[in-house]
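Engineer: Let me give you the structure first, and then I'll get to my questions.
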Amino acid sequence: MRAVPFSYIARNLWVRRVTTLLTAGGMALVVYVFATVLMMSEGIRSTLVATGQSDNVMVLRKGAGAEINSAIGREQAAILSTLPGIATDGAGRPLVSAEPVVLINLPKRSNGKPSNVTVRGTSALGLQLRPGVKIVEGRMFRPGTSEIVVGRATALGFVGIDLGATLRFAGREWLIVGRYDSGRSGFDSEVWGDAEQMLQAFRRNAYSIMVFRLADPSLFDGIRARIEDDPRLALEAKPEIRFYAEQSEALATFINILGLSLAVIFSIGAVVGAMITMFAAVASRIGEIGTLRALGFRRGAVLTAFMAESLLLAALGGLVGLAAASGMQAVDVSTTNFQTFAELAFRFVMTPRIAVQAMVFALAMGVVGGFIPAWRAARLQIVDCLRAA
Amino acid sequence: MFLLKLLLKNAFRHKLRTGLTMVGLVVAICAFGLLRTIVDAWYAGVEGSSSTRLVVRSNISLTFPLPLNYAQRLRAVEGVQQVSWANWFGGVYITERNFFPQFAVDPVSYLALYPEYRIPDEQKLAFYRDRQGAIVGRKLADKFGWQIGDQIPLRGTIYPGTWTFTLRGIWDGADVKTDESQLLMHWGYINEVLRQRYKGRSDQVGVYIVGIDEPNNAAAVGQRVDKMFTNSLAETMTETEAAFQLSFVSMSEAILVAVQAVSLIIVVIIMAVMANTMTMTARERLAEYATLKALGFSPGFVVRLLFGESLLIAALGGVAGLLLTWPLAAVFRSAVGTLFPVFQVSGLTMALQLAAALGVGAVAAAWPAWRMSRIDIVAGLRHVG
């Protein structure tokens, strides 16, 4: 069976430029929305997953779920840091960091409204536990002082976060001495200072969380059992990566569900558009279809030709939409993660998987929109066609 | 009259195409309305707030508590009539997916400040008497099928352990804007347990709710309160209930902006579909329009014909979409349950839906109408559709 030449199909689209453009434009917008939604939830996920270190363990109060809900007393902290299986640094100190994590209100640069910023008290060991964090401007805070360093996203997103400026919270003035970059992880949206100074200023007796490094990743199950079985502790331990990944779940799922249901509703509009275009393409070419059939092209060839035209249209829309969506990668977004109740900055992240999903979605719209008109074209009687022309 | 008849005939000449365009329009207008309603629902807490209630919280952030003895000092502030307090409980009912807000409150003073929670007197008394009792809004009770007397276990995230409360009452909202998706329990009971188990954490209050005599005094009273606690161990930030609720909304602003942007994109998509329909229609009728012009009709008549047809289709689709929004919103409301305490299609939304439909109709006809008004009669007559 001979197929209708591809150039005939492509030129049909070119002849009706305005219609092609409008239909493909509608599909492009749908694909754009579809892709950006997937990119957004991927961005949140990858930001928070990047926050964790593979051999670090996070300890929280049982059932706390989020860092700010958790509390670990000094005695509990002391017990934890003597557990066997914790890695040590060059000087033989266990790599453990007990950290208070609190939220403060700062006005956002975009709208001047206050939003919650995570403030973390840490120590030299805490910095060793997060090798991804690098000072890019100024210097690190000195232990035992009211000095703080701010994350890249915090510095960009909030008012008055400049080197040398002071922030007032918890009844103190805190001097900003440095800006750090953690390679687009969740730490970028935080403010860091000295743990003991933070405890004093916020009048707290308890840390929020503890992080330690395992001497050997295989020791995790044993150490978790020890922590969770110890009645003095009432704490739970999780691999840091998993803890942060869980923090992204609610927001990422919410955005996924909202976005995908929108994309599906939109696609109805775009499919209708494609269907109208393809019906019109069939109707205005009845004579041509008859001629093709008379020349010896089979019904199958006509069906394929019109389906190919519809798919080409959809592919065009898909590519334009995908291109526009990839442009979103340059955009930084910041919103409150309602699981942690704190501001989180992230980027739209395009992955090959998302690109494939978006194109499949576009082509599916082309198939649904094109099939009925193509079927109708293939079913026409040669005589009727030629007479209509 | 003649024009209208001609428009109708023209519009339904291609029944299939017009039908498909209208389906697209209905879907788009529906989606546009639903999205706007979702954004409205986000702001529902703000709309449902009273102008005679102020919220006092720690000025560090909401997660920092205030001492219990502030209640006495707040009562002494000029303009303050009632004082109550509440703590966010943050418990989990069976799984995290069942999220709903829970507050530990001082029952008598709290319900006095919230007269819009309508609750039968005997249920109210039963709640006051039972320190392990709880009351819930109607929507929440319906969602989980709770009856009065049921035991509700909550796993604490902020307050460790599993807490079990007995349902003593169910309130109905005074109007649709009242929140019916919360659970209230005794602050005194939680505090007592905390005092036994975690010494340092008792006698702490999340927020104070202050009733004032006159809405116009809100700013002045707020300033007086904050001034009184300046340089104390726990400085305060006082704002109206509406501003307090708005601060939550603004936290998720990025998502709201995205939803709003998306609701505009759908209008643009349908505009492309509709413009496509009108362009095709115009192209097919080139010869007809040329004939009309040859007969002496003005270019303006052709323009009116195209605009009229486009607006007619858009109006029909728009109205159908508008009518469909209601049942869809009802389905959506029952599907999301307590996620949005209030979910109501507003008058403004309906007006905007119609405006969007007519706007789409007008824009879609613009380009073909301009082309058709300028066609050369001879070229048009020669053209074979």
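Engineer: Hey, which aspartates and glutamates would be in cross-link range of residue B:15, C-alpha to C-alpha under 18 Å, not counting anything within fewer than 8 residues on its own chain?
Structural biologist: Filter leaves B:284, B:309.
Engineer: Taking the Cα-to-Cβ direction at residue A:62 and at residue B:378 and moving 7 Å from each Cα, how far apart do the two end points lie in nm?
Structural biologist: According to this spin-label approximation, the distance is 9.5 nm.
Engineer: With each run of n ≥ 4 DSSP H residues scored as -39500 (n - 2.57), what mean residue ellipticity at 222 nm is computed for chain A after dividing by its residue count and rounding to the nearest 500 deg cm²/dmol? Mind showing how you got there, number by number?
Structural biologist: Numbers: 12 runs with 200 residues, N = 389.
The helix contribution divided over chain A gives -17000 deg cm²/dmol.
Engineer: Taking Cα atoms, how many degrees apart are the long axis of helix B:2-11 and the longest axis of chain B, rounded to 10 and kept between 0 and 90?
Structural biologist: Orientation of helix B:2-11: about 80 degrees from the principal axis.
Engineer: Tell me, what is the FRET efficiency for residue B:196 and residue A:2 to the nearest 0.05, using R0 = 56 angstrom and their Cβ-Cβ distance as r? Intermediate results must be reported in sequence, preceding the final value.
Structural biologist: Values: r = 88 Å, r/R0 = 1.57.
Efficiency at R0 = 56 Å is approximately 0.05.
Engineer: Can you bin the protein assembly as shown into rounded, prolate or oblate? Criterion: square roots of the alpha carbon gyration tensor eigenvalues sorted a ≥ b ≥ c, rounded for a/c under 1.5, prolate for a/b above b/c, oblate for the rest.
Structural biologist: Details: a/c = 2.54, a/b = 1.82, b/c = 1.40.
Verdict is prolate for the protein assembly as shown.
Engineer: Cα gyration tensor of segment B:127-170, axes a ≥ b ≥ c as square roots of the eigenvalues: rounded (a/c below 1.5), prolate (a/b > b/c) or oblate? Can you show the working numbers first?
Structural biologist: Numbers: a/c = 2.19, a/b = 1.33, b/c = 1.64.
The shape class here is oblate.
Engineer: If contacts are Cα pairs under 8 angstrom and at least 6 residues apart, what is the relative contact order of chain B in percent? Don't skip to the end; give the middle numbers.
Structural biologist: Numbers: 629 pairs, mean separation 110.5, N = 385.
Rounded, it is 29 percent for chain B.
Engineer: With axes computed from alpha carbons, what is the tilt in degrees of helix B:187-197 against the longest principal axis of chain B, rounded to the nearest 10 within 0 to 90?
Structural biologist: 60
Engineer: Right, here's the next one. Tell me what chain B gives for mean residue ellipticity at 222 nm when only DSSP H runs of n ≥ 4 count, each as -39,500 (n - 2.57), the sum divided by the residue total, rounded to 500 deg cm²/dmol. List each step's numbers first, then the result.
Structural biologist: Numbers: 15 runs with 216 residues, N = 385.
After summing the helix terms and dividing by the residues of chain B, the value is -18000 deg cm²/dmol.
Engineer: I'd like to know which of A:112, A:135, A:207 lies farthest towards the positive end of the charge dipole of segment A:52-244, counting +1 on Cβ of Lys and Arg and -1 on Cβ of Asp and Glu.
Structural biologist: Positive-end residue among those listed: A:112.
Engineer: Below 13 angstrom from the Cβ of residue B:120, what's the summed charge of the other residues (Lys, Arg +1; Asp, Glu -1)?
Structural biologist: Details: positive: B:118, B:124, B:138, B:168; negative: B:121, B:122, B:172.
It works out to a net charge of +1.
Engineer: Just to confirm a number: summing +1 for Lys and Arg and -1 for Asp and Glu over residues other than residue A:178 whose beta-carbon lies under 10 angstrom from that of residue A:178, what do you get?
Structural biologist: Neighbour charge sum, excluding residue A:178 itself: 0.
Engineer: Work out the length of the dipole vector of the protein assembly as shown about its Cα centre, built from +1 on the beta-carbon of each Lys and Arg and -1 on the beta-carbon of each Asp and Glu, and round it to the nearest 20 debye.
Structural biologist: Working: 74 positive and 57 negative charges, 591 e Å.
Roughly 2840 debye, rounded to the nearest 20.
Engineer: Using Cα springs under 10 Å in a Gaussian network model of chain A, which residue among A:355, A:314, A:64 shows the largest mean-square fluctuation?
Structural biologist: Residue with maximal mean-square fluctuation among A:355, A:314, A:64: A:64.
Engineer: List the residue ranges in chain A for DSSP H helices whose C-alpha atoms run 30 angstrom or more along the long axis and whose Kyte-Doolittle average is -0.5 or above. The partial results should precede the final answer.
Structural biologist: Details: long enough: A:17-51 (49 Å, 1.25); A:240-283 (62 Å, 1.41); A:299-327 (42 Å, 1.44); A:352-379 (39 Å, 1.05).
Once both thresholds are applied, what remains is A:17-51, A:240-283, A:299-327, A:352-379.
Engineer: Need the list of lysines near residue B:124 for cross-linking: C-alpha distance under 27 angstrom, and skip anything on the same chain fewer than eight residues off.
Structural biologist: B:139, B:143, B:177
Engineer: Here is a follow-up. Rank the residues A:62, B:227 as a footprinting-exposure proxy: fewest other Cβ atoms within 10 Å of their Cβ go first. Before the final figure, lay out the partial values.
Structural biologist: Numbers: A:62 15, B:227 12.
Going from least to most buried by this count: B:227, A:62.
Engineer: Does segment B:60-234 come out rounded, prolate or oblate, given a ≥ b ≥ c as the square roots of the eigenvalues of its C-alpha gyration tensor, rounded meaning a/c under 1.5 and, failing that, prolate meaning a/b above b/c? Mind dumping the intermediate values first?
Structural biologist: On the way: a/c = 1.99, a/b = 1.34, b/c = 1.48.
Oblate is the answer for segment B:60-234, as a/c is 1.5 or above yet b/c matches or exceeds a/b.
Engineer: Hey, in the GNM for chain A with a 10 angstrom Cα cutoff, which one of A:239, A:217, A:373 fluctuates hardest?
Structural biologist: A:217
Engineer: Springs between alpha-carbon pairs under 10 angstrom, Gaussian network model over chain A: which of A:154, A:335, A:47 fluctuates most?
Structural biologist: Comparing A:154, A:335, A:47 in the GNM, the peak value goes to A:335.
Engineer: May I ask for the net charge around residue A:279, where only other residues with Cβ less than 9 Å from the Cβ of residue A:279 are counted and Lys, Arg are +1 while Asp, Glu are -1?
Structural biologist: Details: positive: A:376, B:17; negative: none.
Counting the neighbours of residue A:279, the net charge comes to +2.
Engineer: Then there is this: Could you name the lysines in cross-link range of residue A:238, using Cα to Cα under 22 Å and dropping any fewer than eight places away on the same chain?
Structural biologist: Straight-distance partners of residue A:238: A:62.
Engineer: Work out the FRET efficiency for residue B:1 and residue B:354 from their Cβ-Cβ distance, taking R0 = 22 Å, and round it to the nearest 0.05. Before the final figure, lay out the partial values.
Structural biologist: Values: r = 24 Å, r/R0 = 1.09.
The value I calculate is 0.40.
Engineer: Relative contact order (percent) for segment B:60-234, with alpha-carbon contacts under 8 angstrom and 6 or more residues of separation? Walk me through the numbers on the way to the answer.
Structural biologist: Values: 305 pairs, mean separation 59.1, N = 175.
Relative contact order, segment B:60-234: 34 percent.
Engineer: Now for a different question. Please state the relative contact order of chain A as a whole percent: Cα pairs under 8 Å, 6+ residues apart? It would help to have the intermediate numbers written out before the result.
Structural biologist: Numbers: 747 pairs, mean separation 112.4, N = 389.
Relative contact order, chain A: 29 percent.
Every number here is computed from the coordinates shown, using simple stated rules; none is lab data. These numbers come from a predicted model, not from an experiment. Here the Cβ is made from the backbone with ideal geometry for all residues, glycine too, and neighbour counts use every protein chain on show.
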